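J.: Below is the structure I would like to discuss, written out as structure tokens.
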Amino acid sequence: MNTKHIILMACAAFLGAAQANAQGQDLSILTVNTDAKTAAMGNASVAAEGMYLYNNPAAFFATDKTFTADVAASVFEKAEGADGTFGLYAATAGYKFAKRHAVFAGFRYAGGLKLKGYDVSGNPTKDYQPYNWTIDLGYTYLLGKGFAAYATGSLIYSHLSKNAMGAAFNVGGSYQNNELTLANKPANLMLDAKVGAIGPQLDYGNKHKTTLPTYFAVGGALSVDVAEKHQVAAALSSRYFFQPTEAKLFMLGGGLEYTYDKMVSVRAGYEYGDHDLSHVTMGAGFKYQGLRLNGAYNLKTANAGSSYCTIGIGYDF
């Protein structure tokens, strides 16, 4: 089985995870939301309260903590034509210092499928188990008056029938204001914009290259303390994938959250995606002091997509 056929099979198996380009290469590891909280809110990642490195690094400044750490797992429904279950697993840590600086490190792994191989005559050959992983670093700087800028970079390793290595980076800016009032109630506003997955093509050899799924994202989140123990929040964000040019994709998601006593939360939302990649989202969370537990389920609305669940645990201290 040649490299091109393996790439096309991997695309068919992985397409529901995120955007895949016209050449068939899946790089959903760069685009799937790893944060269970925002996954339940239509994947509006601007509202992240954990997994900062892969969502909004500047949101770490909204906390009074110095260290943060998270692990998460996203498991997708069975893919037709493949054995195993596709999953994306991530771990991150961050450290805030000198009031205006924060650094992050993380690791992501995507894989779990086994694809059957055949030669040009249709005879079975060896099975293939494609996977991707990244090593990620990030830095954010608080400019002042609520404004912050950040940059993150990733070393990418992709294994299909051939291997490829590459790099990608994100740049963005954020604004937050926790001194607002809405109807005489305390409110918190967060805005975020970034360009992600910028980098050169991955080269698998034999003239098979793939373009990174470069995108522009913008979003906002607003939370309001409506009563002493009751808080409501809303978030909205969009992503436009403009690379590769032959596989452009627009996604728009939003959601609501209700939190009781700063401890128990329920969430729901919807994410619209071109090419039938839309989801209804829902989930819940629990927070006690620095500990965070969150779960989300994204239900596909068309056969072209994929339903999946995300579980995350984090701790700020």
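J.: Does residue 140 count as open to solvent by less than 60 Å² (accessible area, probe 1.4 Å), touching a Pro at 6+ places or on another chain (Cβ under 6 Å), under 20 Å from residue 314 (Cα atoms) and assigned to a strand (DSSP E or B)?
T.: yes
J.: Something else about it: Mind telling me which of the residues 269, 285, 254 ends up being under 28 Å from residue 67 (Cα atoms) and not hydrophobic (A, V, I, L, M, F, W, C)?
T.: Matching residue, one of 269, 285, 254: 285.
J.: For the condition under 30 Å from residue 179 (Cα atoms) and either part of a loop (DSSP other than H, G, I, E, B) or out of contact with any helix residue (DSSP H, G or I) (no Cβ under 9 Å at 6 or more places or on another chain) (or both), what is the one hit in 69, 91, 164, 149?
T.: Testing whether each residue is under 30 Å from residue 179 (Cα atoms) and either part of a loop (DSSP other than H, G, I, E, B) or out of contact with any helix residue (DSSP H, G or I) (no Cβ under 9 Å at 6 or more places or on another chain) (or both) leaves just 69.
J.: To continue, here is another question. Out of (1) modelled with pLDDT under 50; (2) touching a His at 6+ places or on another chain (Cβ under 8 Å), the odd one out for residue 12 is which?
T.: Every condition holds for residue 12 apart from (2).
J.: Looking at residue 191 and the list (1) farther than 27 Å from residue 275 by Cα; (2) more than 18 Å from the chain's Cα centre (by Cα); (3) open to solvent by 40 Å² or more (accessible area, probe 1.4 Å), which single condition is not satisfied?
T.: (2)
J.: Kindly list, by first and then second residue, each pair from a residue in the stretch 247-272 that is under 20 Å from residue 310 (Cβ atoms) and without any contact (Cβ under 8 Å) to a residue 60 or more places away in the chain to a residue that is part of a loop (DSSP other than H, G, I, E, B) and open to solvent by less than 20 Å² (accessible area, probe 1.4 Å), limited to pairs with Cβ atoms under 6 Å and residues at least 6 apart or on different chains.
T.: 272/278
J.: Still on this structure: Given the structure, is residue 89 crowded, with 17+ Cβ neighbours inside 10 Å, under 23 Å from residue 314 (Cβ atoms), of a type in the set (Phe, Trp, Tyr) and at pLDDT 95 or above?
T.: yes
The values are calculated or read from the model by the stated rules, or taken from the named source; none is laboratory data. All values derive from a computational prediction rather than experimental measurement. Note: ideal-geometry Cβ built from the backbone for every residue, glycine included; neighbour counts use all protein chains shown. Accessible surface areas use protein heavy atoms only, side chains included; no ligands, DNA or RNA. Shrake-Rupley method; radii C 1.70, N 1.55, O 1.52, S 1.80 Å.
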